[in-house]
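See below for the structure under consideration.
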Amino acid sequence: MSEKLKELRKKAMALPLSPGVYIMKNKNRDIIYIGKAKALKNRVSQYFGSQNNHPEKVRKMVENVDDFEYIITDSEFEALILECSLIKQHTPKYNILLKDDKGYSYVKVTNEEYRRISYVLQKGDDDATYIGPYKSSFYVKNSVEQAQKIFRLPTCSRKFPQDIRKSRPCLNYHIKQCCGVCTGKVKLKDYNELVDEALSFLKGGDTKSIKLLTDKMMQASDNLDFERAAKIRDQINAIKKMRDKQKVVNTSVEEQDVIAFATNGKKGSFEVFRFADGRLFDRENFIVDDPGDESSARSEFLLRYYTIRDDVPKNIVLDSEIEDAEVFEQWLSEKRGKRAYITVPQKGEQKHLVDMCKQNAFESLAQLEGIIGKQYAVLESLKELLGLKSIPYYIESYDISNTAGDENVAGMVVFENGKPKKSAYKKFKIKSFSGQDDYGSMAEVLTRRFTEYKKAQENGETDTGFSKLPDLILLDGGKGQVGAVKPVLESMGIDVPLFGMVKDDKHRTRAIVSDTGEIAIRPDKNVFSFVTGVQDEVHRFAIGFHHQRKKKSMKSSTLQSISGIGETRAKALLKYFRTLENIKNATLKELEDAPKMTHDSALSVYKYFHNSEENI
């Protein structure tokens, strides 16, 4: 422990066991972190003890702390209010800071012969009509897109009437999501009527729009205009279908926010679903750098989010518990002016909404990493199941294959971002011994693999195939294989999580095993499918290499049965001609020109395959 750390710890140990706010400062006296505590002494002294158990974010912050101040409050609730105010005032570097850039959104209606409807984030300096403002850009965007689909309005970049009949209609016309103004079959009057109906839908909502359209349909039917009545009927059905799709994000709770958090250790993603009148009206996503401890991150986010939001709903649903939930409820209730509740659902409709919200948080992180959200969620689940410090984006898996110790080989497969990376696969021939010893073979392979890693590091190489450390190693085997490899990694100073994959008596993946015991994976269907896929792939790759070597060995044995052809010449011939068939079809001259061959040995090979004693 450094002298500065000892000095800060000594000061922290002298703090009172009272609630309050602590303010961390760097050498320049800049405020870099503000936090609250139920007991100042206990909370602040934790920062300046052992750094081994702190998240990376906390370690970085502590490294930059030169001094701290504190303010005692009468209660933890007062500490929360003060913390909120001070963070808003100073915006410290190591606190979670959210940028409130929502602004307002509008529905734009162009002023032209064939009017267009779109959503925009701000009014333009033109003669278009703007409907709004709306606080939720999510609501405006989705509503406009729904209106365009329901009333089959064009969304292309064509100009009308200039581009009418100039080219073929696009795909939207053929799948009945556009009325096809470009075909010249849509009258201007009929088109503008569609635009008016779309605007009525946007202004009045689906219920009012259905009522108005139903009246129009009945009127058209009474006038025997059945074609028009059928078109209006299709519009009504489209609205109802769109409304039914939205039921998946409806809730029986009238007013609530659902908040979920996902992290990869380096970045965090907070997703917020906002409901009013039982329907999703807004969603937001915030990406934060180095979120640190998940529980603390959730608390910090809650504090910052409702600091920049004026409206607090009755119910706030979280994906996991936070510290001091009662204090936060009191603060949110005061801000709302009525009782507010924080809940963490375990089942039912609310749990379903939380899971959906969390999946979207994963999706946002996945987009940053360039992977699919489902794969990201599987890797996150694997991280939690195995107790890893970070998500295993880069996984190496190893398997040994032989036939009673003959042609002993190993295969290494790589899964990057949850998908096989075949360009990184490696094959190994066991060299240090002969015979069957799966434990010894696995130890040799991992020794060679990380010896190559060390060489790459020393030479500054980054593209050798072995220059990258994996986030996780999965061996095809149980505790024996893990026990054989773990000392190798420790002796070489390689700090990579190591586990085995074991099968049941029917050769199906059963569990993951460490050197201390088994970890069940069957309850988590997605993780189970992923690990099974890894184990099947590494087994396929290793056994394929073994069969390849076995086949080559058999060819070599065939050649060695020819007079004058030993092991060296047999290998040289196979290497030169590639296949036994090519050797069989080679001329005597071609055989003589092959490496390590003489006229007599070439003649023996030629006669063997041509079954001839003729004088050549």
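The values are calculated or read from the model by the stated rules, or taken from the named source; none is laboratory data. This is a predicted model, so every value here is computed, not measured. Cβ atoms come from the backbone with ideal geometry, glycine included; neighbour counts cover every protein chain shown.
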Tell me yes or no: at least one residue of the stretch 351-371 is farther than 23 Å from residue 526 by Cα, charged (D, E, K, R) and without any contact (Cβ under 8 Å) to a residue 24 or more places away in the chain. no
Only one of these is farther than 21 Å from residue 288 by Cβ and in a loop (DSSP other than H, G, I, E, B): 41, 27. Name it. 27
Scan the stretch 68-75 and give yes if some residue there is surrounded by fewer than 18 Cβ atoms within 10 Å (Cβ to Cβ), acidic (Asp, Glu) and assigned to a strand (DSSP E or B), otherwise no. yes
Where residue 341 falls short, out of the listed (1) over 22 Å from residue 519 (Cα atoms); (2) in contact (Cβ under 8 Å) with a residue 60 or more places away in the chain; (3) loosely packed, with under 15 Cβ neighbours inside 10 Å: (2)
For residues that are farther than 13 Å from residue 357 by Cβ and touching a helix residue (DSSP H, G or I) at 6+ places or on another chain (Cβ under 8 Å), scanning just the stretch 265-285, find the one that is surrounded by the most Cβ atoms within 10 Å (Cβ to Cβ). 268
The stretch 255-357: strands (runs of 3 or more DSSP E) wholly inside it with 3 or more residues that are modelled with pLDDT of 90 or more are 256-263, 267-276, 315-318, 341-343
Identify, from the list 63, 3, 83, the residue that is free of Cβ contacts under 8 Å to residues at least 40 places away in the same chain and under 37 Å from the mean Cα position of the chain (by Cα). 63
Filter the stretch 360-392 down to the residues that are in a helix (DSSP H, G or I) and of a type in the set (A, V, I, L, M, F, W, C) and list them by number. 361, 362, 365, 366, 368, 377, 378, 379, 382, 385, 386
In the list 581, 567, which residue meets the criterion of being under 50 Å from the mean Cα position of the chain (by Cα) and either of a type outside the set (Phe, Trp, Tyr) or in the same structural domain as residue 506 (by TED's automatic domain parsing) (or both)? 581
Residue that is modelled with the highest pLDDT, among those in the stretch 366-384 that are crowded, with 16+ Cβ neighbours inside 10 Å and of a type in the set (S, T, N, Q): 381
Taking only pairs six or more apart or across chains, which ones have beta-carbon atoms under 7 Å, a first residue in the stretch 208-231 that is over 17 Å from residue 198 (Cβ atoms), and a second residue that is surrounded by 13 or more Cβ atoms within 10 Å (Cβ to Cβ) and of a type outside the set (Gly, Ala, Ser)? 220/228; 220/232; 229/217
Quick check: is even one residue across the stretch 405-426 out of contact with any His (no Cβ under 6 Å at 6 or more places or on another chain), crowded, with 21+ Cβ neighbours inside 10 Å, in a strand (DSSP E or B) and small (Gly, Ala, Ser)? yes
When you check residue 399 against the structure, is it of a type outside the set (Gly, Ala, Ser), more than 24 Å from residue 289 (Cα to Cα), assigned by TED's automatic domain parsing to the domain that holds residue 466 and at pLDDT below 80, yes or no? no
